[in-house]
Amino acid sequence: METQRNNFDDMLNVSAVPQADRKEAFIAESRNNRNRCYELSKKMTEAVAADGEVFQQYLDMQSRFDRYTANNVLLIMAQNPRAEKIGDYNFWRDKGVYVKRQERGNAILIMEPGKEYEREDGSIGTYYNAKKVYDITQTTMKDRIQPQEGSITDEQLVRAVLNNPPVTIIAAEPDQMPEGKGAFFDSEEKCIYVRKGMTAEDIFRSITPELVFASIADAGKEYDRSENAFCAYCVSYVLCRKYGVDTKGFDFSHAPEVFEGMEPQEVRAELSRVRDAAGEIMLRMERGMESQKQSRQQQNRHEREEAR
């Protein structure tokens, strides 16, 4: 019986893809991805502004992705509302894990700044490009991100939020405090009064919005408590979510009233204010916690040396 032979000669004749075509295809894909980002951002912004529950879900996302811009958090939420930690292909590869083959076509698109350009009026603008990233659940990593809650003690939490405040903080007797207030920023005296006798979580929930008011006044901006109350309330919620403090008492059902009549770019500007104000407090807290950690390490070394 004659052995059957496969002839692959015809398959070997493959035309090269011209470099110009590859470039055009890349440009077209980049343009389409960028346009998709604009569309997703607009749609999600409108959803967040129209529904208090959706807005609260956005704040939850912002607490998890605190280093990302408000616009990118909107994009992440639009594409993968359960995302936990994201990175591009190289980011995950450097960690020794890889994006699953079946997930490579399901990238999350975010925007990152590109080259600068000069506008007709002489001002400088920035081009933005769509970037493909993947959530940890789309990778081969087995160990998932652990929740923040319970990772720091009450004492560490309070010390961190009190670290390097923009104004003086003073403990006050309950009868000296405004009715129903655990903390209050006094713009005339440039200090924050905090009610004595509260738990760590109550101190945290009470003082975080007042730190926002204090930072606004300290920066020399026009201080208006009522104008900044919603932003401060949102910042407090984001920080509570970030550090595992109970948030059951927060209510965002009135959020649509705040955003009523705003254009999408105005809504995103408000979201950016929340993100920036929360980030400022987080930075001080992280520095405070790092300082506490170093102090504990030094104390432990000292105790070990004495025990020898």
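For K115, the lysines whose Cα falls under 22 Å of its own Cα, not counting residues fewer than eight places away in the same chain, are K23, K131, K132.
For the chain, the longest principal axis of the alpha carbon atoms and the long axis of helix 225-242 meet at an angle near 60°.
As a rough guide to protection, the peptides 236-248, 264-276, 119-131 ranked by mean Cβ packing within 10 Å, highest first, stand as 236-248, 264-276, 119-131. In the chain, the longest principal axis of the Cα atoms and the axis of helix 200-218 are about 80 degrees apart. Against the chain, whose longest principal axis is taken from its Cα atoms, helix 19-50 shows a tilt of about 30°. Lysine pairs in region 154-307 whose alpha-carbon atoms fall under 28 angstrom of each other, counting only those eight or more residues apart or on distinct chains, come to 12.
Is the shape of region 19-138 rounded, prolate or oblate, going by the alpha carbon gyration tensor and its root eigenvalues a ≥ b ≥ c, with a/c under 1.5 for rounded and a/b larger than b/c for prolate?
oblate
Across q = 0.08, 0.13, 0.16 Å⁻¹, the chain modelled as identical point scatterers on its alpha-carbon atoms has Debye log10 I(q)/I(0) values of -0.50, -1.09, -1.39, in the order of the q list.
Its residues counted as N, region 197-284 yields a C-alpha radius of gyration over 2.2 N^0.38 Å of 1.11. Label sites at E53 and K248, each approximated as a point 7 angstrom past Cα along Cα to Cβ, lie 2.0 nm apart. Candidate cross-link partners of K95 among the aspartates and glutamates, defined by an alpha-carbon separation under 18 Å and a same-chain spacing of 8 or more, comprise E84, E103, D135, D143. Just check region 73-221 against the gyration tensor rule for me: Cα atoms, a ≥ b ≥ c as the square roots of the eigenvalues, rounded for a/c under 1.5, and otherwise prolate or oblate depending on whether a/b exceeds b/c. It is oblate, given that a/c is not under 1.5 and a/b is not larger than b/c. Simple point charges give the picture: +1 on the Cβ of Lys and Arg, -1 on the Cβ of Asp and Glu, and for region 185-251 a dipole about the Cα centre of about 320 debye. Around the Cα centre of the chain, unit charges on the Cβ atoms of Lys, Arg, Asp and Glu (plus for the first two, minus for the last two) sum to a dipole of about 1420 debye.
Throughout, read-outs are computed from the coordinates displayed, never taken from laboratory work. Here the structure is a predicted model, which means the values were calculated and not measured. As a convention, Cβ positions derive from the backbone with ideal geometry for all residues, glycine included, and neighbour counts pool all protein chains shown.
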